[in-house]
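Please treat every number below as a calculation from the coordinates, not as lab data. Given the structure is predicted, the values throughout are model-derived calculations rather than measurements. Cβ sites come from the backbone with ideal geometry, for glycine too, and all protein chains shown count toward neighbours.
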Amino acid sequence: MREENMVRRVWIAGMLSVLFATVCCAADVNGRWEGSISGPNGDMQITFNFKADGAKLTGAVESPNGDIAIEDGKVDGDHISFKTHFGDSEVKHEGTVSGDTIQLKVAGPWGESEMTLKRAKEKKASLSSESYQR
């Protein structure tokens, strides 16, 4: 009986350790990420806004025509994946997060390409004229 309790406690402690390690090792993708992608008319700047909630990834891609929602987003450790739609075309994204960099593979109707995203620095709030009043 005493040995069973000991085995049970060790098993529970092991499972909690694995769960804790999985949560702690998930990549921090929250925030604004910027990069560029080569196109027929030259490089185009692109911005992603990510929000991770456990294994679910949501957010949007900023475009000149407005934000494009991220669909079917997933976070698995340092790996992310999601889809976007541009018109009737589905665009698949898969990437690896390493600190403040994401190596992203993109596959769409034009073929495959790769890009590097960098975590954008937070924009500082501009000081209003009221801040300068004495």
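With a point put 7 Å past each Cα toward its Cβ, work out how far SER63 is from ALA120 in nm, to one decimal.
Label-label distance for SER63 and ALA120, simple model: 1.7 nm.
Which length gain, in nm to one decimal place, applies between GLU71 and SER36 when the Cα-Cα distance is subtracted from 0.36 nm times their residue separation?
Here the answer is 10.5 nm.
Need one number: nm distance between label points at ASP78 and ALA55, each 7 Å from Cα along Cα→Cβ, rounded to one decimal.
The two pseudo-label positions are separated by 2.0 nm.
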